[in-house]
């Protein structure tokens, strides 16, 4: 209808002076095309193309069809008038023969339903069709001079892959190297080499460990402010192709000033980052730990509520620390975080994936357990990425099978 309104209106209006009825038809086509676009955009405005509740399509779709039907009937009268010989005469004939009018209107409505259904499906297929995309995660590198020399090649390897985005889960330097501004800026430049959107999550080596003498004896909070200035000051990701990120510091009436806490949607999945550094979540600074833990708790709770409201199929949480010790219990400083994550996962109908680094051991398991039965939570999976001296990345494919999200995790190289 939009194409017809664009192609036919100039032709019809050109002949308007000679035959006034053509101007009437042109006007109707203009109205019909405008109604199509307006109703269509109004229908889509309820949704984000990255995650649409399929069950919520019927009501706006019905309004969309009704708007088209009304405009189509008006257009029909004008076109009929053109062929019959006058606007008033055409209207009288269609009104005099109600069966003919009903048949034509019904036929037009069937055509519109077919066209509207196909158009709406095409626009919304990013959510309605099963999710199938891949992203990369890595961390705890580069530490040594050799790893620094090979880091651009690692980025180049990921650039050759079909990835939706790349996430570095923290510790882009060793704990023994200086926490210098120049090093931070260098890492930022290297991250910008990524052809894909690049998201960085801070680790302990970048700020909490900077108080150590061999790291420069810095104030950790001052180093965190510098990280925010260099890596988290914009509303988008890093990388040569960027995506928009929602930051906790910009939401919730700015209650928590943690711009490193971000989230974004992709393919019906919500991705959430946390500033949770190993090995103990900075408990040696009680006031800072308490303040950030409260922000983390609200960010996790709010993100899962957002996923439920949006009917998203999965939540992926990314942070630096491994919150579990060798015994399987939460490490010091992480009991509250693990408890919050466990409660939200148990009440979430979809799948949950936690991706972290810290202990430099590539693994995939289910460390969360139901507090009543003691059985592993079936919808929760943990992935730990590689770490120095093993310099590699993890490929995470997210696909939907039989209505459930499936995570397929493999080494990048």
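Please treat every number below as a calculation from the coordinates, not as lab data. Note that this is a predicted model, so its numbers are computed, not measured. So basically every Cβ, Gly included, is an ideal-geometry build from the backbone, and we count neighbours across all protein chains shown.
I need the calculated FRET efficiency for the pair residue 413 and residue 255, taking r as the beta carbon distance and R₀ as 41 Å, to the nearest 0.05.
So, using R0 = 41 Å, E works out to roughly 0.45.
Quick one: which of 323-332, 139-148, 273-282, 240-249 comes out on top by average Cβ neighbours within 10 Å, and what's the full order, highest first?
273-282, 139-148, 240-249, 323-332
Report the Cα centroid-to-centroid distance between segment 281-356 and segment 190-225 in angstrom, as an integer.
Spelled out, the Cα-based centre of one part sits 21 Å from the other.
Once label points are set 7 Å from the Cα along Cα→Cβ at both residue 234 and residue 188, what is their separation, rounded to one decimal in nm?
Spacing of the two 7 Å Cα→Cβ label points: 1.0 nm.
State whether segment 302-408 is rounded, prolate or oblate according to the following rule on the C-alpha gyration tensor (a ≥ b ≥ c being the square roots of its eigenvalues): a/c under 1.5 gives rounded; otherwise a/b larger than b/c gives prolate, and the remaining case gives oblate.
It comes out oblate by the Cα gyration axes.
Would you mind computing, in nm to one decimal, how far apart the modelled labels at residue 133 and residue 370 are, each placed 7 Å from Cα along Cα→Cβ?
Placing both labels 7 Å beyond Cα along the Cβ direction yields 3.3 nm.
Going by a ≥ b ≥ c, the root eigenvalues of the Cα gyration tensor, does segment 146-255 fall in the rounded group (a/c under 1.5), the prolate group (a/b larger than b/c) or the oblate group?
Cα axes put segment 146-255 in the oblate bin.
Between residue 346 and residue 363, what is 0.36 nm times their sequence separation minus the Cα-Cα distance? Round to one decimal in nm.
Between residue 346 and residue 363, full extension yields 3.9 nm more.
Mind giving me the nanometre distance, one decimal, between the label points for residue 402 and residue 287, set 7 Å out from Cα along Cα→Cβ?
5.5
Ranked from highest to lowest mean number of other Cβ atoms within 10 Å per residue, what is the order of the peptides 370-378, 227-235, 309-317?
In decreasing order of mean packing, 370-378, 227-235, 309-317 become 309-317, 227-235, 370-378.
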